[in-house]
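Participant: Just dropping this structure here.
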Amino acid sequence: MNREYDVIVVGAGPGGSTTARFCAQAGLRTLLIEKDRLPRDKPCGGCLSLKSVRLIEFDLTPVIENTIFGVKFTYRLKDPVLIRSNNPIGYMVMRERFDQFLVERALEEGTALIEGEKVIKVAEKDEGVEVQLARGRRFLCDYVVGADGPESLVARSFAPSPPRGIGWGIAVESKIPFESVMDFPKEQQALIHLDFGGVPNGYGWVFPKREGLSIGIGGMFQ
């Protein structure tokens with residue numbers, strides 16, 4: 001089998017596509033593999049910190065939905081604590097647009113993309129690392145990057161974790177247009193709202209976007 005790529009990145013979320021872009025910029029033959037068809041959505045509030053924006057290293061204006069200047073914390077929707085800033089503390093994005101935007105930047109640098117096909121096996125060989133896809137295709141590379149989420153096949157292939165208590169991470173999100181919200185003051189549209197105490201080992205959120213609210217909960221359950 002010929003070694004077609006120096007690096008194969010499994011998972012085209014923000015971490016995977018950014019890693020692929022940096023590898024391609026460095027002159028490495030890079031393949032990015034995503035099991036879903038792009039663009040695709042994720043249950044995620046879509047808030048970027050200033051640090052994450054700086055790490056991406058290019059202009060995100062085309063996909064920024066809103067600029068955030070403060071946070072409101074509550075406990076079971078009571079006892080609000082409000083923190084405001086005169087400067088931006090974060091930016092809102094829609095994950096389907098944001099993730100697609102990052103993938104396109106990686107492709108511009110020379111990354112190859114396979115989408116809509118799942119990686120089913122990753123194995124070390126004498127000649128490199130072999131990556132096998134669900135439809136039978138196999139690729140050989142020098143390095144493989146596992147950016148395929150909390151149940152990473154790549155991670156389990158190289159470092160099987162010992163048995164431990166099983167916990168389930170659950171997130172539910174809904175997008176609600178502003179015209180469907182009875183009372184959401186305009187000044188609140190520059191704030192994110194985080195509520196604790198109602199979800200085990202997690203929180204609820206209200207994140208204002210350009211045309212509506214992202215409302216969700218996420219937590220860990222035994």
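The values are calculated or read from the model by the stated rules, or taken from the named source; none is laboratory data. In this text the structure is predicted, and so the values were computed from the model without any measurement. Note: ideal-geometry Cβ built from the backbone for every residue, glycine included; neighbour counts use all protein chains shown.
Participant: Test THR74 against the stated conditions and say whether it is closer than 18 Å to TRP205 by Cβ and out of contact with any helix residue (DSSP H, G or I) (no Cβ under 6 Å at 6 or more places or on another chain).
Facilitator: Against the criterion (closer than 18 Å to TRP205 by Cβ and out of contact with any helix residue (DSSP H, G or I) (no Cβ under 6 Å at 6 or more places or on another chain)), THR74 qualifies.
Participant: Right, LEU153: touching a Lys or Arg at 6+ places or on another chain (Cβ under 6 Å) and not aromatic (Phe, Trp, Tyr) or not?
Facilitator: No, not satisfied.
Participant: Looking at the stretch 59-82, can you tell me whether even one residue there is over 19 Å from GLY216 (Cα atoms) and basic (Lys, Arg)?
Facilitator: no
Participant: Sort out which residues of the stretch 83-103 are in a helix (DSSP H, G or I) and among the β-branched types (Val, Ile, Thr), and write them in order of number.
Facilitator: Scanning the stretch 83-103 gives a single hit, VAL103.
Participant: Sticking with this structure for a sec: Among GLY136, GLY128, GLY110, which is the only one that is assigned by TED's automatic domain parsing to the domain that holds CYS23 and under 14 Å from CYS23 (Cβ atoms)?
Facilitator: Unique residue meeting the criteria: GLY110.
Participant: Sticking with this one: For the stretch 55-64, what are the residues that are of a type in the set (D, E, K, R) and at pLDDT 90 or above?
Facilitator: Selection gives ASP59 alone.
Participant: While we're looking at this one, here's another question. Looking at this structure, is PHE101 modelled with pLDDT of 95 or more, not polar (S, T, N, Q) and not assigned by TED's automatic domain parsing to the domain that holds PHE22?
Facilitator: no
Participant: Do we find a residue being among the acidic types (Asp, Glu), surrounded by 14 or more Cβ atoms within 10 Å (Cβ to Cβ), out of contact with any strand residue (DSSP E or B) (no Cβ under 8 Å at 6 or more places or on another chain) and closer than 19 Å to SER214 by Cβ anywhere in the stretch 93-100?
Facilitator: yes
Participant: Next question. Can you tell me which residue among LEU82, LEU77 is modelled with pLDDT under 95, in the same structural domain as LYS209 (by TED's automatic domain parsing) and of a type in the set (A, V, I, L, M)?
Facilitator: One residue alone meets the criteria, LEU77.
Participant: Being crowded, with 16+ Cβ neighbours inside 10 Å, at positive phi and at pLDDT below 95, is that true of even one residue in the stretch 30-47?
Facilitator: Checked against the condition, which is being crowded, with 16+ Cβ neighbours inside 10 Å, at positive phi and at pLDDT below 95, the stretch 30-47 yields at least one hit.
Participant: Wholly within the stretch 104-222, which strands (runs of 3 or more DSSP E) include no fewer than the required count, namely at least 3 residues that are closer than 20 Å to GLY90 by Cα, without any contact (Cβ under 8 Å) to a residue 24 or more places away in the chain and in contact with a Leu (Cβ under 8 Å, 6 or more places away or on another chain)?
Facilitator: Result: 203-208.
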